[in-house]
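No value in this document is a laboratory result; all are computed from the given coordinates. Computed from a predicted structure; not experimentally measured. No Cβ is skipped: glycine too gets one built from the backbone with ideal geometry, and neighbour counts run over all protein chains shown.
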């Protein structure tokens, strides 16, 4: 006779998952939505638009054929899934990317980001005054 025993993971009473953080994470851009548009614009190749939030307080970007970096400040809210986010001036190379390219649109959107939200495995960066949302997936 065989007995099977179910084993449940041990969870300490009152323990919660630590709040999520941007620091040390990397993301690929999947869509850009303007509040003026009904639908989001899908990014044809998300690997060409990436952001890495460094431990040094800098964000490192791949913007199609250009690269950029600048400081960032993130302040989590009480729920741990959202908070304020601003980028300092972003220095970007000035290569002329093959058209059509979203590099200028994405670059100009980054300076208007004001908040972030983790939703499932995605990161949503919202622009100032409901100006739009940049949606990212883990890189």
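Give the residues of region 25-46 whose amide nitrogen is closer than 13 Å to a point set 7 Å from the Cα of residue 139 in the direction of its Cβ.
Of the residues in region 25-46, 25-30, 46 have backbone N under 13 Å from the label point off residue 139.
Does a label point 7 Å from the Cα of residue 93, set along Cα-to-beta-carbon, have any residues of region 56-73 with amide nitrogen under 12 Å, and which are they?
Only 61-69 fall inside the zone, counting backbone N under 12 Å.
How are the C-alpha pair distances of region 14-82 spread across 5 Å bins, as whole percents from the shortest bin up?
That works out to 4, 14, 18, 17, 20, 16, 7, 3, 1, 0, in percent per bin.
By average Cβ neighbour count within 10 Å, what is the ranking of 49-58, 72-81 from highest down?
On the way: 49-58: 16.4, 72-81: 13.4.
Going from most to least packed, we get 49-58, 72-81.
Take every Cα pair under 8 Å in region 26-138 that's 6+ residues apart, average their separations, divide by the length, and report that relative contact order as a whole percent. Numbers along the way, then the final one.
Values: 239 pairs, mean separation 29.4, N = 113.
Computed value for region 26-138: 26 percent relative contact order.
Would you compute, from DSSP H runs of 4+ residues alone, the mean residue ellipticity of the chain at 222 nm, taking -39500 (n - 2.57) per run and dividing by the full residue count, rounded to the nearest 500?
Numbers: 1 runs with 8 residues, N = 139.
Result for the chain: -1500 deg cm²/dmol, rounded to the nearest 500.
For region 26-138, rounded, prolate or oblate, judged on the Cα gyration tensor with a ≥ b ≥ c (square roots of eigenvalues), a/c < 1.5 rounded, else prolate if a/b > b/c? The partial results should precede the final answer.
Working: a/c = 1.63, a/b = 1.21, b/c = 1.35.
Oblate shape, in that a/c is at least 1.5 and b/c is the bigger or equal ratio.
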